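Read through the structure below, which is laid out as structure tokens, and then see the notes.
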Amino acid sequence: MISIKRRPRGNNPVTMNSINPQVQQVHSNSHDEEDYNLRDTNPQLGERWPNGGNYNGRGWMSGGERSTSTYDLVEQMFYLYVRVVKAKNLSLNTLTSTCDPYVEVRLGNYKGRTKHIDKRSNPEWNQVYAFSKDQIQSSVLEVIVKDKEMVGRDDYIGRVVFDLNEVPTRVPPDSPLAPQWYRLEDRRGEGRVKGDIMLAVWNGTQADEAFSDAWHSDAATVYGEGVFNIRSKVYVSPKLWYLRVNVIEAQDVISNDRNRVPEVFIKAQMGSQVLRTKVCPTRSTTTIWNEDLVFVAAEPFEEQLTITVEDRVHGSKDEVLGKIMLPLTLFDKRLDHRPVHSRWFNLEKYGFGMMEGDRRNEVKFSSRIHMRICLEGGYHVLDESTLYASDHRPTARQLWKQPIGMLEVGILGAQKLLPMKMNNSRGSTDSYCVAKYGQKWIRTRTILDTFSPKWNEQYTWEVYDPCTVITLGVFDNCHLGGGGEKGPSGSSNPARDSRIGKVRIRLSTLEANRIYTNSYPLLVLHQHGVKKTGELQLAIRFTTLSLANMVYIYGQPLLPKMHYLSPFTVNQVENLRYQAMNIVAMRLGRAEPPLRKEVVEYMLDVDSHMWSMRRSKANFFRIMSLFSSVITMGKWFNQVCNWKNPVTSVLVHVLFLILILYPELILPTLFLYMFLIGLWNYRFRPKNPTHMDTKLSWAEGVNPDELDEEFDTFPSSKPHDVVRMRYDRLRSVAGRIQTVVGDIATQGERFRSLLSWRDTRATSLFIVFSLCSAVILYATPPKVVALATGLYFLRHPKFRSKMPSVPSNFFKRLPAQTDSML
């Protein structure tokens, strides 16, 4: 295993959640001055190879400046790569007659070391080192071969020295540089020694294939297993299926107590997912349910489906009457709404005799159960919130359509990050970025101990639907010490990667073939309020492959057709999403390096369904903003009716008369008006993608106690007095909502009572009025009726009364069912 050493690092970093205010107060003076707006940036994107591009002015490439499009959305970063392949004919130790060789790669103050290989004079390592150009302070590279000793200093075998001025440059897509054999020299470089080493040394950029697997000089303080947790990786979510178990009936189900008829229900379990049918209402040995139980399964299918027939003896005791375990590979995969064939399954004999090993009491019959089980390939398995979905494709690949575009994201870096933990009595942040779109997750490498990391990594996704969202999150890596990290303040709980912030970008808000270079604010909501923890710099380009396909997709259903032919209930969707998210988190947590559960949950918005007073207020004001235009139009019409502006009122009268005389112009005029408004608003169209809005989220002026309630566990862990206070507050809010709902119901019941004869006098008056209206409207031309109605509403204030109208008075006198409520 390679270890790169530079300076010691604290073993037990303290996360931001447990830091006293000294870490939180860093940058606190400028917190109030910072805004939460999106900023434009002008990075130098693309691969640039200038003349004389080596470290000391001698040409890396001939032919002038060259620009390529392989990494055209990131800033170019230069590295010195050293690949240590193998060695041969190394000299043996004179005492032990063996050799345990390893290699040190030295460049200035940086030293990388390969793992040692026991008792081999012809070892193989095949390991790569990458040294950033910005950190190189030497003109000489040394590759030293040593023999590891159990006691004392390691023996020196030989070395190879390279002048950085003579190192060649490789530019992808050129083939990898072929390694060469080099004869080892002695310590002073005055003569040759026994042994050869195969090396390849070249200058390159982050576009090099060796970049992701190389050990970097900027991660020199990482040791042990922590070196695996700093690499950049691409992950793929497991392929998820819905498993539908249609329980039809069971036969020959007999209770262990022969004197009673069993109350039978079916329990199905797959892994941690457990579902039950209702208790069969018929008391007999043949029971019928015809209920669907739906699970989430992931490929490869590692778990089995366990079906048990149970008898509810009483409220707290259930007895198992039969059981069967079925592998998921046994079931058919369904791609459409056509049902699969049902099957009978024999249940294993199950009873007290079987459990106690007494064969004399073994049940002498075999119960069986009738089920229809299939893996649903026509659904899209939701593992993220439907509001921020990044994929709508069905599970079965043969149902996928062709991609309509390409999404390219350049993760440039971050600025002004806050310290997330304490190391050696000072604030520190070891940040990495995670992006999720569709089934593909990416994780950048971890940049250590800096508040302005530069990743400059570019990734690409295929786009199948433009109405999807890409999510990017920035985290602080707390797993750099070889897996032995402790939690905050040295607690025994395992360390968790801290959240720095998250960004969502909806692809439909991006213009095609345009590069967006923006700095997005990273906002995190804490118990003390919203905090800006930094800025994430991105370069994004959405490329469309066909305009016709893009237009066609806007007319298609958002989800696969099975969601509409055989839909799930709202509770089923939420429960299945939670199960799918747990499966994704578990599978990605088993990768190397793992994408940890807290990261996956944050990216998938695991707590989006939890109660929050802040979100409730935000949603209420969102609804009010939707009606603001209607309210504004109503106020304008009221001003027209009251002749606040006589010129406007006259023009409205003229327009009204024209529409009455030529009613065929009403719809064309309406659509022409919307067309002109759309053209006018084009001048004010958003220039940048959307970002987190603290005012819309109601996060700036939120009450601290409401935030504390939002971050409370479920069930609550607060004292009884606090829970009682919050319960009373929730009751007061629910009481106001209850009043509004009751008022709406009252108005609807009054309308229904017009013809219900609940109030005989009111109904009599209304039906007489209806008869007279029918006669008058039949005899009067429609244009005259519309003209009279319009002129009545537009009449001058001199002809208006401040008292309510007769229809309003009549409607308010109608009865409702409030009289019958307790």
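Selection of the stretch 87-101 for residues being open to solvent by less than 60 Å² (accessible area, probe 1.4 Å) and within 14 Å of L184 (Cα to Cα) yields A87, L90, S91, P101. Can you find even one residue in the stretch 261-272 that is open to solvent by 60 Å² or more (accessible area, probe 1.4 Å), more than 26 Å from P567 (Cβ to Cβ) and without any contact (Cβ under 8 Å) to a residue 12 or more places away in the chain? Scanning the stretch 261-272 turns up no residue that is open to solvent by 60 Å² or more (accessible area, probe 1.4 Å), more than 26 Å from P567 (Cβ to Cβ) and without any contact (Cβ under 8 Å) to a residue 12 or more places away in the chain. Restricting the stretch 139-181 to residues that are open to solvent by 40 Å² or more (accessible area, probe 1.4 Å) and polar (S, T, N, Q), which is nearest to Y110 (Cα to Cα)? Taking the candidates together, the pick is S139.
Condition test on S717, is it of a type in the set (S, T, Y) and either in a helix (DSSP H, G or I) or within 22 Å of A618 (Cβ to Cβ) (or both)? Against the criterion (of a type in the set (S, T, Y) and either in a helix (DSSP H, G or I) or within 22 Å of A618 (Cβ to Cβ) (or both)), S717 does not qualify.
Assessment of the stretch 537-558 against the conditions (charged (D, E, K, R), farther than 30 Å from E376 by Cα and in contact (Cβ under 8 Å) with a residue 12 or more places away in the chain) yields at least one matching residue. Residue pairs whose Cβ atoms lie under 7 Å apart, separated by 6 or more positions or on different chains, with the first residue in the stretch 679-692 and of a type in the set (A, V, I, L, M, F, W, C) and the second at pLDDT 85 or above, are M692/P521; M692/L523.
Here L755 fits the description: more than 30 Å from P704 (Cβ to Cβ) and either outside the structural domain of F711 (by the TED database) or not in a helix (DSSP H, G or I) (or both).
Of the residues contained in the stretch 726-745, one or more are found to be more than 30 Å from P815 (Cβ to Cβ), of a type in the set (K, R), in the same structural domain as T763 (by the TED database) and open to solvent by less than 70 Å² (accessible area, probe 1.4 Å).
Taking the criterion of being in contact with a His (Cβ under 6 Å, 6 or more places away or on another chain) and of a type in the set (K, R), the only residue of the stretch 114-162 that qualifies is K148.
In the stretch 121-195, counting only strands (runs of 3 or more DSSP E) that sit wholly within it, the ones holding 3 or more residues that are over 30 Å from S232 (Cβ atoms) and either in contact with a Phe, Trp or Tyr (Cβ under 9 Å, 6 or more places away or on another chain) or modelled with pLDDT under 90 (or both) span 155-163. For the stretch 505-526, state whether one or more residues are in the same structural domain as P594 (by the TED database), touching a Leu at 6+ places or on another chain (Cβ under 8 Å), at pLDDT below 90 and exposed (fewer than 14 other Cβ atoms within 10 Å of the Cβ). No, the stretch 505-526 contains no residue that is in the same structural domain as P594 (by the TED database), touching a Leu at 6+ places or on another chain (Cβ under 8 Å), at pLDDT below 90 and exposed (fewer than 14 other Cβ atoms within 10 Å of the Cβ). Of the set (1) open to solvent by 60 Å² or more (accessible area, probe 1.4 Å); (2) under 25 Å from G634 (Cβ atoms), all apply to L755 but (2).
Applying the criterion of at least 2 residues that are open to solvent by less than 70 Å² (accessible area, probe 1.4 Å) and polar (S, T, N, Q) to the strands (runs of 3 or more DSSP E) found wholly in the stretch 283-348 leaves 304-314.
Of everything in the stretch 572-610 that's of a type in the set (D, E) and modelled with pLDDT of 90 or more, which residue is nearest to N477 (Cα to Cα)? Across the stretch 572-610, the extreme among qualifying residues is E598. Applying the criterion of being in contact (Cβ under 8 Å) with a residue 12 or more places away in the chain and open to solvent by 10 Å² or more (accessible area, probe 1.4 Å) to the residues of the stretch 424-436, the residue that is farthest from R596 (Cα to Cα) is N424. Screening Y778 on (1) of a type in the set (F, W, Y); (2) modelled with pLDDT of 85 or more; (3) surrounded by 10 or more Cβ atoms within 10 Å (Cβ to Cβ) shows it passes everything except condition (3). Taking residues in the stretch 621-632 that are under 16 Å from K695 (Cβ atoms), and partners anywhere that are outside any helix (DSSP H, G or I), the pairs with Cβ atoms closer than 8 Å and at least 6 places apart or on different chains are F621/W698; R622/L696. Considering the stretch 550-669, the qualifying helices (runs of 4 or more DSSP H), each wholly inside and each with 3 or more residues that are farther than 23 Å from V503 by Cβ and open to solvent by 70 Å² or more (accessible area, probe 1.4 Å), run over 570-589, 613-641, 646-661.
The values are calculated or read from the model by the stated rules, or taken from the named source; none is laboratory data. This is a predicted model, so every value here is computed, not measured. Cβ atoms come from the backbone with ideal geometry, glycine included; neighbour counts cover every protein chain shown. Just the protein is used for accessible areas: all its heavy atoms, side chains included, with ligands, DNA and RNA removed. Shrake-Rupley method; radii C 1.70, N 1.55, O 1.52, S 1.80 Å.
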